[in-house]
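The values are calculated or read from the model by the stated rules, or taken from the named source; none is laboratory data. What you see is a predicted model, and the numbers here were worked out from it, not measured in a lab. A quick note on method: Cβ atoms are made from the backbone with ideal geometry, for glycine too, and the neighbour counts reach across all protein chains shown.
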Amino acid sequence: MSINRRVLLQAGAAMGLAPGLVPLLRAQETNWPQAPVKVIVPFSAGGAADTLTRRLAERLQQRWNQPWAVDNRTGAGGNIGMEAVKSSPADGYTIGSATIGTLTINQFLYAKLPYDPVADFAYVSKIWENCNVFVVPPEHPANSVKEFIEWARRKPEGVTYGSAGVGTTPHLSGALFGNRTGLQALHVPFRGAAQSMPALMGGQVDFAIDNIASYMPLIRANKVKALAITMGERWPTLQEVPTMAEAGVPDFIITSWGAFVVPKATPAAVVNKLSMAIQELSREPATREQWLQAGSLAVSSTPAETAAFAERERAKWREVVRISGAKVE
């Protein structure tokens, strides 16, 4: 929020909005942005959320000729960064790059959340989407999900799957797979992908259902075998790999996604203007190709569509977290 607008709002709060003040404030909102914009990414640099947020911020900076800075506020599964967004001025100059975890999973995973994903934010637009991929070690005898299930059922001690930590979508995906197939699947959490990926390649765990962007280089290098993906249709750059439904496990759609949110009281004119810009950019062939090269799909949605989508996701992940038994203090 510019200094002039802050002064006007303070004056309006003190003595009531004069007849000519409301159009002036609306004009300033329509002319947003008139100052540098900060985007808080609640995760460390280099991951999908950070990489795609930076690319989008660059495009928006070019569009409006104002600086767009990315601020990584890490910790507590994204909760620290989201709390920072909630506590920021609701003027459109602080944006949160939220994810499936921070908006739909963490509230069921953490005993106490420092923000309310519904009450504390206005939803702007989805910005990216990808999926998980079912992978096994390169020397594994199974060449399909059906063969893996048959192999696993001959192991009375059960099978193991790895992830980058408790409550991540790879953890929850593995738990859901065990539940749907009746397999005894033991979760083996690692400190991060740098540890979980070598463990799978080396056969220390039997399978993983992990992010496709992370595993694509390993798949291409034949260092792991991809048996299925968790979307409703085949991945554009991995057309030879079936969906989970095609592989014999129906109703197993797991997508990871990111969305822009802002503090709840941010003016609707600002929210809509930003959302429309993202929608326009997402339709550009260059944007779609750039996102795909980064392992994701360029997507967008209206504010209402984004909020409704997140609500549907909460219903799904509430049940998946319950199945997994995962809890974080």
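Condition test on A90, is it in a loop (DSSP other than H, G, I, E, B), of a type in the set (G, A, S) and either over 21 Å from K316 (Cα atoms) or under 14 Å from the mean Cα position of the chain (by Cα) (or both)?
Here the answer is yes, as A90 does meet what is asked.
May I ask you to verify whether E311 is more than 24 Å from I212 (Cβ to Cβ) and surrounded by fewer than 17 Cβ atoms within 10 Å (Cβ to Cβ)?
In short, yes.
Given I149, I127, which one is closer than 30 Å to I80 by Cβ, at pLDDT 95 or above and not in a loop (DSSP other than H, G, I, E, B)?
Testing whether each residue is closer than 30 Å to I80 by Cβ, at pLDDT 95 or above and not in a loop (DSSP other than H, G, I, E, B) leaves just I127.
Of the conditions (1) among the aliphatic types (A, V, I, L, M); (2) within 24 Å of A175 (Cβ to Cβ); (3) under 19 Å from the mean Cα position of the chain (by Cα); (4) surrounded by fewer than 19 Cβ atoms within 10 Å (Cβ to Cβ), L292 clears all except one; give me its number.
Only one criterion in (1) among the aliphatic types (A, V, I, L, M); (2) within 24 Å of A175 (Cβ to Cβ); (3) under 19 Å from the mean Cα position of the chain (by Cα); (4) surrounded by fewer than 19 Cβ atoms within 10 Å (Cβ to Cβ) is unmet by L292, namely (2).
Going through region 148-179 one residue at a time, which ones are under 22 Å from M216 (Cα atoms) and either of a type outside the set (G, A, S) or surrounded by fewer than 19 Cβ atoms within 10 Å (Cβ to Cβ) (or both)?
Of everything in region 148-179, those that are under 22 Å from M216 (Cα atoms) and either of a type outside the set (G, A, S) or surrounded by fewer than 19 Cβ atoms within 10 Å (Cβ to Cβ) (or both) turn out to be F148, T160, Y161, G165, T168, T169, P170, H171, L172, F177.
Please go through region 135-147 and pick out each residue that is hydrophobic (A, V, I, L, M, F, W, C) and either under 21 Å from G47 (Cβ atoms) or surrounded by fewer than 21 Cβ atoms within 10 Å (Cβ to Cβ) (or both).
V135, A142
For residues that are part of a loop (DSSP other than H, G, I, E, B) and under 20 Å from the mean Cα position of the chain (by Cα), scanning just region 64-87, find the one that is surrounded by the most Cβ atoms within 10 Å (Cβ to Cβ).
R73
Kindly indicate the residue of region 93-105 that is out of contact with any helix residue (DSSP H, G or I) (no Cβ under 6 Å at 6 or more places or on another chain) and either of a type in the set (D, E) or in a strand (DSSP E or B) (or both) and also surrounded by the fewest Cβ atoms within 10 Å (Cβ to Cβ) among those meeting that condition.
The selected residue is T94.
Check off (1) surrounded by 14 or more Cβ atoms within 10 Å (Cβ to Cβ); (2) not in a loop (DSSP other than H, G, I, E, B) for P114 and give me the number that stays unchecked.
Going through the list (1) surrounded by 14 or more Cβ atoms within 10 Å (Cβ to Cβ); (2) not in a loop (DSSP other than H, G, I, E, B), P114 breaks only (2).
Find all pairs meeting these conditions: Cβ atoms under 9 angstrom apart; at least six residues apart or on different chains; first residue within region 140-157 and without any contact (Cβ under 8 Å) to a residue 12 or more places away in the chain and farther than 13 Å from G182 by Cα; second residue of a type in the set (F, W, Y) and not in a loop (DSSP other than H, G, I, E, B).
P141/F148; P141/W151
Among the acidic types (D, E), under 25 Å from R55 (Cβ atoms) and modelled with pLDDT of 95 or more: which single residue out of E305, E246, E240 fits that description?
Selected residue: E305, the only one of E305, E246, E240 that is among the acidic types (D, E), under 25 Å from R55 (Cβ atoms) and modelled with pLDDT of 95 or more.
Checking the structure you have, find out if any residue of region 180-189 is among the polar types (S, T, N, Q), in a loop (DSSP other than H, G, I, E, B), in contact (Cβ under 8 Å) with a residue 40 or more places away in the chain and surrounded by fewer than 17 Cβ atoms within 10 Å (Cβ to Cβ).
So far as region 180-189 goes, no, none of its residues is among the polar types (S, T, N, Q), in a loop (DSSP other than H, G, I, E, B), in contact (Cβ under 8 Å) with a residue 40 or more places away in the chain and surrounded by fewer than 17 Cβ atoms within 10 Å (Cβ to Cβ).
Cβ-Cβ below 9 Å, separation at least six or inter-chain, first residue in region 283-296 and more than 17 Å from T255 (Cβ to Cβ), second modelled with pLDDT of 95 or more and part of a loop (DSSP other than H, G, I, E, B): which pairs?
Here the result reads R283/S300, each pair linking region 283-296 to a residue that is modelled with pLDDT of 95 or more and part of a loop (DSSP other than H, G, I, E, B).
Restricting the search to region 198-222, which residues are touching a strand residue (DSSP E or B) at 6+ places or on another chain (Cβ under 8 Å) and without any contact (Cβ under 8 Å) to a residue 40 or more places away in the chain?
Of everything in region 198-222, just one residue is touching a strand residue (DSSP E or B) at 6+ places or on another chain (Cβ under 8 Å) and without any contact (Cβ under 8 Å) to a residue 40 or more places away in the chain, namely A199.
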